[in-house]
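Heads up: the structure comes next, in structure tokens.
The values are calculated or read from the model by the stated rules, or taken from the named source; none is laboratory data. Predicted, not measured: the structure shown is a model, and the values here were computed from it. Cβ coordinates were reconstructed from backbone atoms using ideal geometry, including for glycine residues, and neighbour counts include every protein chain displayed.
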Amino acid sequence: MKSSLAALALSTGMLAASTALAAENELPIMVTTPVFAQLVSYTLPQGFKGAFSDASESFYIQEAVPAGESVEKWSEMITMMGMRDLATSADQPLAAAAENIRANYQRACPGTLSAQSFGASTTDGRETLTVFLGCGSVTTPQGKVSETVVIVFIKGQSDVYALQWAAHADAQSSPPVYNVEIWSSRMAQLTPIRICDRIEGEGVPYPSCIFKK
């Protein structure tokens, strides 16, 4: 398995060629990317490097892994995704995106699935939904592993964005258990998470979003 199960659930039909992201960062850095109607900004933790990005007319994906790892063989993966027009084409767009991914995990590990929703909240003033998913045993290029992920879905003006942290560990015969201490620490490293309006003529590093109050 290349990408995490969550990313694979949403990436069907992607068209464009992959492009490299940033090199390994020695310190946490803000990553700000134009994704369809808006800008998506988050913190890439120390020691991670950009590994893959791709886009189609309706889907965008950006993946980062620890230094020395790849999208084919990884212990942890941070993924940002954009789903074009989903915020305006579904009655409950965040729940719809979350259910799509949960169903993919269910197919991958029907006997060891773990799923938990933490309900609706807000991030940067925007509606969000955070979920935890896990598979006790899935097949990857490394062999059998467990996979767990926490995903934050964010409703933009017209699009839905998702930021997730996935982790591999030894395979197990029971559903993975959510560890509050571990996952709270991981997700805190991704903050601040911002969805910003695009400003005509503004380019990298998109200061209007990076320095947004």
A careful count of residues in region 85-105 that are under 15 Å from the mean Cα position of the chain (by Cα) and closer than 14 Å to Gln157 by Cα gives 1
Counting only residues that are farther than 19 Å from Ser121 by Cα, among the charged types (D, E, K, R) and either in contact with a strand residue (DSSP E or B) (Cβ under 9 Å, 6 or more places away or on another chain) or crowded, with 20+ Cβ neighbours inside 10 Å (or both), region 157-201 contains a total of 3
Only one of (1) among the polar types (S, T, N, Q); (2) surrounded by fewer than 15 Cβ atoms within 10 Å (Cβ to Cβ); (3) in contact (Cβ under 8 Å) with a residue 60 or more places away in the chain does not apply to Ser121, and that is (3)
Heads up, the strands (runs of 3 or more DSSP E) in region 136-213 (entirely inside) with at least 3 residues that are of a type in the set (Phe, Trp, Tyr) are none
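For residues that are under 16 Å from Ala103 (Cβ atoms) and under 17 Å from the mean Cα position of the chain (by Cα), scanning just region 124-141, find the one that is surrounded by the fewest Cβ atoms within 10 Å (Cβ to Cβ). Give the steps one after another, and end with the answer.
So the first thing to find is which residues in region 124-141 are under 16 Å from Ala103 (Cβ atoms), and the list is 129, 131-135, 138.
Filter once more, so that each one left must be under 17 Å from the mean Cα position of the chain (by Cα): 129, 131-135.
Numbers: Leu129: 22, Val131: 24, Phe132: 19, Leu133: 29, Gly134: 26, Cys135: 25.
Looking at the filtered set, the residue picked out is Phe132.
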Checked against (1) among the aliphatic types (A, V, I, L, M); (2) out of contact with any Phe, Trp or Tyr (no Cβ under 6 Å at 6 or more places or on another chain); (3) surrounded by 18 or more Cβ atoms within 10 Å (Cβ to Cβ); (4) not in a strand (DSSP E or B), Ala97 satisfies every condition except (2)
Within region 4-51, residues being surrounded by fewer than 21 Cβ atoms within 10 Å (Cβ to Cβ), part of a loop (DSSP other than H, G, I, E, B) and at pLDDT 70 or above number 7
Among residues of region 74-94 being surrounded by fewer than 16 Cβ atoms within 10 Å (Cβ to Cβ) and out of contact with any Ser or Thr (no Cβ under 8 Å at 6 or more places or on another chain), the residue farthest from Gly119 (Cα to Cα) is Ser75
Over region 166-201, the set of residues in contact with a helix residue (DSSP H, G or I) (Cβ under 6 Å, 6 or more places away or on another chain) and either of a type in the set (A, V, I, L, M) or modelled with pLDDT under 95 (or both) is Ile199
Of the residues in region 164-213, those that are closer than 24 Å to Thr128 by Cα and acidic (Asp, Glu) number 2
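So, Ala87, is that one touching a residue at least 12 places away in the same chain (Cβ under 8 Å), among the small types (Gly, Ala, Ser), within 27 Å of Gln172 (Cβ to Cβ) and not in a strand (DSSP E or B) or not? Explain how you work it out, then say what you get.
Working: touching a residue at least 12 places away in the same chain (Cβ under 8 Å): yes; among the small types (Gly, Ala, Ser): yes; within 27 Å of Gln172 (Cβ to Cβ): no; not in a strand (DSSP E or B): yes.
In short, no.
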